[in-house]
Amino acid sequence: MRNILLVISGPSGVGKGTLARLLLAEDKGLVGSVSCTTRAPRAGEKDGREYFFITPQEFRDRIAANDFLEYDEHFGNLYGTPRSFVERRLKKASVLLEIDVVGGLNAKRLMPKSAVLVMVAPPSMEELGRRLAGRGSEGKEAFAERMRRVRYELDQAPLYDYTVVNDDLQRAKREIQEIIRKEKEKTI
Ligand code: ADP
Ligand code: 5GP
C-alpha cells in the first residue's frame, strides 16, 4: 500500500473543512497538514490548528527560504503548504491538504506520484450560498468575493481526479473514504 497526498478542494462554504475533520477523525492513517496564512484568525480558530497565522514579512521570508511546497494568494492574503511537514509525514502516513485548485494542481505537478485530487462540489449554487452565509464567518464583502470565485473553482473540476458532490455529509465522506482505499492500493 502506498501513502497518498489527498488534496481536497472546492469553493468556500462547500464543506471541505467539515469533511476533512470527519476523514481525519476516522482514519488514523491520514494526517492533516496545517497551512500558513497571513489572514486574521476567525472566531474559534486556533494558531497551529486551522492554520499557522503568520505576518506577511514572515511569509515572504519563508518563501525565500523555499519553505513552501506551494503557496498562493486568496482574497488579498497569502496561504502556503509547509514543505518539510508534508515530505516528512508522507514517509509514514497519507497526508490531507485542504487547499484551492491552483494549489492542488501545483501539488500534483510537484508530487505526481502521490497527489490525488478531489473536488468537492455543492448540490446547487443556492445551497452553497446558504452554507456560506450560515457559517457566518465573513462580512458582506468577503462573502461576495468568495461567491465570485465559486465558478472558477468548479470549472477546474475536469482537471481533478475525482469530483464528489457534498449533498449528504455522511454519504460524501464515505465516497471519499472509498477513493482513498482504492488509491492506496494502486501501484504507481
Ligand atoms: P469550507 O471548508 O468548504 O469553506 P465548511 O466545512 O466550513 O466549508 O462548511 C460550510 C458550512 O456548511 C458549515 O456551516 C457546515 O456545517 C455546513 N455543511 C457542510 N457540509 C454540509 C452538508 N453536506 N449539508 C449541510 N450543511 C453542510
Ligand atoms: P479560508 O480563508 O476560507 O480559510 O481559505 C481561503 C482559500 O485558501 C480556500 O480556497 C482554501 O482552500 C485556500 N487555502 C488554504 N490553505 C492553502 C494553502 O496552503 N495553499 C493554497 N494554495 N491554498 C490554500
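Quick note: the coordinates plus some simple rules give every number you see, no bench work behind them. Not measured: the values here are computed from a predicted model. Please note: Cβ atoms are built from the backbone with ideal geometry, for glycine as well, and neighbour counts cover all protein chains shown.
For segment 107-188, taking the reciprocal of the average inverse distance between every pair of different Cα atoms yields a Kirkwood hydrodynamic radius of 14.6 Å. Which whole-number percentage describes the relative contact order of the chain, with Cα contacts under 8 Å and a sequence gap of 6 or more? Rounded, it is 35 percent for the chain.
As a proxy for reagent exposure, ranking Asp67, Asp61 by other Cβ atoms within 10 Å from fewest up yields Asp61, Asp67. Scaling against 2.2 N^0.38 Å puts the C-alpha radius of gyration of segment 1-84 at 1.16.
Suppose we look only past 17 Å in the calculated P(r) of segment 1-42. What percent of the Cα-Cα pairs does that tail hold? Intermediate values should be presented prior to the final figure.
On the way: 382 of 861 pairs.
In whole percent, the share of Cα-Cα pairs in segment 1-42 beyond 17 Å is 44.
Panel note: the C-alpha atoms of the chain, placed on their principal axes, show extents of 47, 41, 29 Å (largest first). The alpha carbons of segment 79-134 give a radius of gyration and a Dmax of 14.4, 41 Å, in that order.
Between Thr18 and Arg149, the FRET efficiency estimated from the beta carbon spacing at R0 = 22 angstrom works out to 0.70. Of all the options Val14, Val101, Val165, the one that moves most in a Gaussian network model of the chain with Cα springs shorter than 10 angstrom is Val165. Exceedance of the 31 Å cut-off in Cα-Cα distance is limited, within the set Lys16/Lys140; Lys46/Lys182; Lys46/Lys173; Lys28/Lys186, to Lys46/Lys182.
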